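K.L.:
One structure is given below, represented as structure tokens, and several questions about it will come after.
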Amino acid sequence: GQNIDQPTEMTATEGAIVQINCTYQTSGFNGLFWYQQHAGEAPTFLSYNVLDGLEEKGRFSSFLSRSKGYSYLLLKELQMKDSASYLCAVRSLREKTSYDKVIFGPGTSLSVIP
Amino acid sequence: DVKVTQSSRYLVKRTGEKVFLECVQDMDHENMFWYRQDPGLGLRLIYFSYDVKMKEKGDIPEGYSVSREKKERFSLILESASTNQTSMYLCASSFQGWSTDTQYFGPGTRLTVL
């Protein structure tokens with residue numbers, strides 16, 4: 001089966017750096033997404049990793065280690081508007097089909113405080 | 001910009017009613033998805049479709065059906081609503097490419113079944 005774990009809640013200070021971890025177990029791994037979801041709104045795409053290493057995009061970076069089943073999202077220079085849930089999602093091959101499936105983790109609720 | 005719209009933001013129905021949730025996307029995406037989102041459980045896939053008139057069961061299809069008569073529209077049907085179907089329902093669409101397969105989400109429909 002598949003299993004994705006993330007911390008439930010995190011709190012960080014404005015201007016600081018925070019790292020949100022995601023661990024997963026899956027077969028047929030084919031990439032990992034990070035989405036941001038503000039309260040009452042739809043998730044929006046942040047990043048996608050399919051190869052090991054760090055992908056940087058402005059204040060946000062995402063890291064993947066396929067051998068360890070581990071990813072993290074790094075947020076730098078935190079702003080109040082970064083308070084949101086961050087969803088890790090794993091893409092893998094759906095059994096008995098040629099389609100991929102994307103399974104979402106439970107999400108991490110990040111609170112940024114002054 | 002991709003736009004995914006859902007017919008209602010809030011809906012209240014009674015047990016046993018038939019419920020239709022509509023989703024429309026304007027980017028000519030082949031893939032469309034229906035999820036429900038519950039606290040602590042993350043996003044769970046109900047049904048998805050990779051082409052017109054094509055549908056595949058997701059991870060929690062029981063009690064739901066779908067319809068995709070046109071490429072831009074994907075409907076979720078609750079044949080006989082029950083209280084355990086009270087949830088946030090999110091529709092998403094994506095391009096059927098081989099690379100990132102980023103999903104774009106609608107604003108969600110918060111359904112309450114009394």
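K.L.:
Tell me whether the range A:83-99 contains one or more residues that are loosely packed, with under 12 Cβ neighbours inside 10 Å and either modelled with pLDDT of 95 or more or charged (D, E, K, R) (or both).
P.N.:
Yes.
K.L.:
If you don't mind, another one. Just checking: which of the strands (runs of 3 or more DSSP E) contained wholly in the range A:2-114 hold 3 or more residues that are within 13 Å of another protein chain (Cβ to nearest Cβ) and closer than 30 Å to B:ASP51 by Cα?
P.N.:
In the range A:2-114, the matching strands (runs of 3 or more DSSP E) lie at A:29-37, A:44-49, A:84-93, A:100-104.
K.L.:
Within the range B:19-43, take every residue that is under 17 Å from A:VAL102 (Cα atoms) and hydrophobic (A, V, I, L, M, F, W, C) and give me the one that is surrounded by the fewest Cβ atoms within 10 Å (Cβ to Cβ).
P.N.:
B:LEU41
K.L.:
Just to be sure I understand, how many residues within the range A:1-27 are surrounded by 12 or more Cβ atoms within 10 Å (Cβ to Cβ) and either among the aliphatic types (A, V, I, L, M) or at positive phi (or both)?
P.N.:
Adding up the residues that qualify gives 7.
K.L.:
Specify which of the listed residues (B:SER82, B:SER65, B:SER49) is free of Cβ contacts under 8 Å to residues at least 24 places away in the same chain and not charged (D, E, K, R).
P.N.:
Going through B:SER82, B:SER65, B:SER49 in turn, the sole match is B:SER65.
The values are calculated or read from the model by the stated rules, or taken from the named source; none is laboratory data. The model shown is predicted, which means the values in this text are computed figures rather than measured ones. When we count neighbours, we look across all protein chains shown, and the Cβ atoms used for this are built from the backbone with ideal geometry, even at glycine.
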